[in-house]
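The values are calculated or read from the model by the stated rules, or taken from the named source; none is laboratory data. Everything numeric in this text was worked out from a predicted model, so none of it was measured. Glycine also receives a Cβ, built like all others from the backbone with ideal geometry; neighbour counts cover every protein chain displayed.
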Amino acid sequence: MTDISAQLRETLKEKFCIKSLFVVKRLESARDNTVKYLYRLSDGNHIESVLMEYEHGNTVCVSTQVGCKMGCRFCASTIAGYKRDLLPSEILSQVYAAERESGRKIGGCVLMGIGEPLDNYDNVIRFLELVSCKDGMNLSLRHVSLSTCGLVPKIYELAELELGLTLSISLRAPDDKARSAIMPINDRYPIAELMKACKAYFSRTGRRISFEYALIDGHNDSREDAKKLAELLAGFVCHVNIIPVNKIKERDFRSDRKSAQRFRQYLEELGVNATVRRTLGADIDAACGQLRREYEI
């Protein structure tokens with residue numbers, strides 16, 4: 001800006017910056033209008049977002065980190081490696097960019113993209129303040145879902161804020177042995193500690209918890225697994241979201257909707273409220289981390 005002094009320009013350069021997202025790749029599903037975005041950040045790193053269309057409106061799935069440290073074996077996000085946390089503005093920009101680029105009104109947000117949201121706690125909380133601000137997007141946090149692999153101390157901290165969002169726990173297995181085999185975080189925070197934190201979260205907020213269960217053939221899909229899961233969740237006000245595991249080249253994990261529906265039936269026979277997640281964007285590999293990994297190889 002040549003109409004301001006050189007001194008002021010230098011001061012602005014030192015103290016301020018404008019964070020931008022640049023669309024590197026855009027994939028749109030021919031089946032269900034799901035749109036997947038690969039963005040380049042100002043520093044050259046890449047993240048993903050997914051815009052999903054439901055009967056009740058449009059929801060955007062956002063990333064909270066560049067890569068992930070958690071090491072979950074079924075997830076593509078961790079394979080490409082962790083680079084850094086996203087700033088609140090960079091998380092928020094994904095919501096605005098999806099709305100602007102698609103021309104669709106965004107009515108919901110899920111923090112289930114690349115990264116572990118509670119590992120970037122302060123920036124994620126600031127994002128939630130911004131996205132729900134009445135002077136900004138004014139998105140009700142009851143339309144926001146935050147997914148965590150189970151960082152127990154942060155679940156307690158989140159409960160204290162009573163934000164009204166939906167907490168989703170990436171459970172994946174009904175016992176420590178099976179969960180530790182695919183989720184290293186379980187060695188640090190075993191299931192008993194995680195369940196205790198979940199009960200405290202519900203007690204403080206009154207919000208029903210969603211347990212995400214990625215089904216893997218031969219690992220966590222038997223009737224006995226369903227029985228263990230039902231026993232684990234006894235007394236919880238909760239919902240189990242069964243997810244056929246996403247196929248990634250580096251792993252041989254497999255499952256399909258038929259096996260997912262069978263497992264759902266097991267759970268319902270045991271009195272557990274469960275559904276099979278609707279698969280969106282299957283023709284464009286819309287699961288988090290896949291596009292970034294392929295682009296950066």
- [ ] May I ask you to verify whether T78 is within 25 Å of R278 (Cα to Cα), buried (at least 22 other Cβ atoms within 10 Å of the Cβ) and among the β-branched types (V, I, T)?
- [x] no
Open item on the list: Tally up the residues in the range 199-226 that are in a loop (DSSP other than H, G, I, E, B) and free of Cβ contacts under 8 Å to residues at least 24 places away in the same chain, please.
Closed with: 3
TODO: Count, please, the residues in the range 92-136 that happen to be more than 26 Å from A80 (Cβ to Cβ) and not in a helix (DSSP H, G or I).
DONE: 11
- [ ] Kindly indicate whether any position in the range 7-21 is closer than 13 Å to G115 by Cβ and either within 16 Å of the chain's Cα centre (by Cα) or surrounded by fewer than 16 Cβ atoms within 10 Å (Cβ to Cβ) (or both).
- [x] no
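Residue-wise test of (1) of a type outside the set (A, V, I, L, M, F, W, C); (2) touching a residue at least 60 places away in the same chain (Cβ under 8 Å); (3) over 30 Å from R104 (Cα atoms).
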residue	(1), (2), (3)
R9	yes, no, yes
E14	yes, no, yes
S20	yes, yes, no
V24	no, yes, no
R31	yes, yes, no
I47	no, yes, no
V60	no, no, no
T64	yes, yes, no
Task: Residue count, the range 53-84 (criterion: at pLDDT below 95 and within 20 Å of P244 (Cα to Cα)) - done: 11
Task: Among the residues listed as D43, D85, D3, D32, the single one being surrounded by 16 or more Cβ atoms within 10 Å (Cβ to Cβ) and more than 17 Å from the chain's Cα centre (by Cα) - done: D32
Task: Subset of the range 148-178 (residues that are within 20 Å of A214 (Cβ to Cβ), in a helix (DSSP H, G or I) and over 18 Å from the mean Cα position of the chain (by Cα)) - done: D176, K177, A178
Open item on the list: If I filter the range 118-126 for residues that are crowded, with 16+ Cβ neighbours inside 10 Å, in contact (Cβ under 8 Å) with a residue 40 or more places away in the chain, among the aliphatic types (A, V, I, L, M) and in contact with a Lys or Arg (Cβ under 7 Å, 6 or more places away or on another chain), do I get at least one hit?
Closed with: yes
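So that you can scan it fast, the table gives a plain yes or no per residue for (1) buried (at least 20 other Cβ atoms within 10 Å of the Cβ); (2) aliphatic (A, V, I, L, M):
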residue	(1), (2)
C149	yes, no
L158	yes, yes
L161	no, yes
L167	yes, yes
A181	no, yes
L194	yes, yes
A200	no, yes
S203	no, no
Task: Test for R142: is it basic (K, R) and modelled with pLDDT of 95 or more - done: yes
